[in-house]
Amino acid sequence: MSATRRYVEAGRGAELFNTLVAWLTARGLSLFGSRVLAVRGRRSGEWRTVPVNLLTHEGARYLVAPRGHTQWVRNLRAAGGTGELRLGRRTEVFVADELTDADKPEILRAYLRRWKFEVGVFFEGVDHTASDETLLAIAPGYPVFRLR
């Protein structure tokens, strides 16, 4: 599979974990910065939701897709980068800009430093100590969005 089409489907254990995190986050309990991402479906137009890890790095906020070019990534692109982050009853509307591969290494490093315990399996042995060259090489398989 090419890096630009990389997609790791959630297994049963991940689905159960995501369901629990989404349930807690919907009730206002953020686990390590979790939010519920809501994006309009690219075909149906209906809201689609998934728990995500919101990364704050050097004053900016980012969404990283450790599983690759997932449904939420495709929907966010089709929606022009608009979506919502939900935590309990609070909803924040945002617009996101997708980073180029060249801009990803620093963000991927910060993301791995923060959440390797949870998402490290999707990075196939790469962690926050990896060189910029290594992170740049894997960058096409890991979409990153900066929120504004």
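Identify the residue in segment 127-146 that is touching a residue at least 60 places away in the same chain (Cβ under 8 Å) and not aliphatic (A, V, I, L, M) and, among all such residues, is surrounded by the fewest Cβ atoms within 10 Å (Cβ to Cβ).
PRO140
Can you name the number of the only condition in (1) among the β-branched types (Val, Ile, Thr); (2) over 21 Å from LEU37 (Cα atoms); (3) touching a Ser or Thr at 6+ places or on another chain (Cβ under 7 Å) that THR129 fails?
Answer for THR129: the failing condition is (3).
Conditions first: (1) surrounded by fewer than 19 Cβ atoms within 10 Å (Cβ to Cβ); (2) at negative phi; (3) modelled with pLDDT under 95. GLU124 passes all but one, so which condition is the exception?
All conditions pass for GLU124, except number (2).
Residue by residue through segment 59-88, note down the ones that are out of contact with any strand residue (DSSP E or B) (no Cβ under 7 Å at 6 or more places or on another chain) and farther than 21 Å from GLU46 by Cβ.
Correct list: GLY59, PRO66, GLY88.
Among the residues of segment 1-29, write down those that are among the hydroxyl-bearing types (Ser, Thr, Tyr) and exposed (fewer than 14 other Cβ atoms within 10 Å of the Cβ).
Matches in segment 1-29: SER2, THR4, THR19.
For segment 33-87, list the strands (runs of 3 or more DSSP E) that sit wholly inside it and hold at least 1 residues that are touching a residue at least 60 places away in the same chain (Cβ under 8 Å); which are they?
Qualifying strands (runs of 3 or more DSSP E): 47-57, 60-64, 82-87.
Restricting attention to segment 6-38, and to residues there that are modelled with pLDDT of 85 or more and of a type in the set (D, E, K, R), which single residue is nearest to THR91 (Cα to Cα)?
Here the residue is ARG35.
Could you look through segment 3-31, keep only residues that are small (Gly, Ala, Ser) and in a loop (DSSP other than H, G, I, E, B), and pick out the one that is farthest from ASN53 (Cα to Cα)?
Going through the qualifying residues, I end up with GLY11.
I want to confirm something. Restricting to segment 95-121 and keeping residues that are of a type in the set (Phe, Trp, Tyr) and surrounded by 16 or more Cβ atoms within 10 Å (Cβ to Cβ), which single residue is modelled with the lowest pLDDT?
Here the answer is TRP115.
So which pairs qualify, if the first residue must be in segment 5-18 and over 14 Å from GLY141 (Cα atoms), the second must be assigned to a strand (DSSP E or B) and not aromatic (Phe, Trp, Tyr), the Cβ gap must be under 8 Å, and the two must be at least 6 apart or on different chains?
Sorted first by the residue in segment 5-18, then by its partner, the pairs are ASN18/VAL50; ASN18/PRO51.
Could you check how many residues of segment 89-148 are closer than 13 Å to ALA60 by Cα and assigned to a loop (DSSP other than H, G, I, E, B)?
The total comes to 2.
The values are calculated or read from the model by the stated rules, or taken from the named source; none is laboratory data. Computed from a predicted model, the values in this text were never measured in an experiment. In this analysis, Cβ positions are derived from the backbone assuming ideal geometry, glycine residues included, and neighbour counts consider all displayed protein chains.
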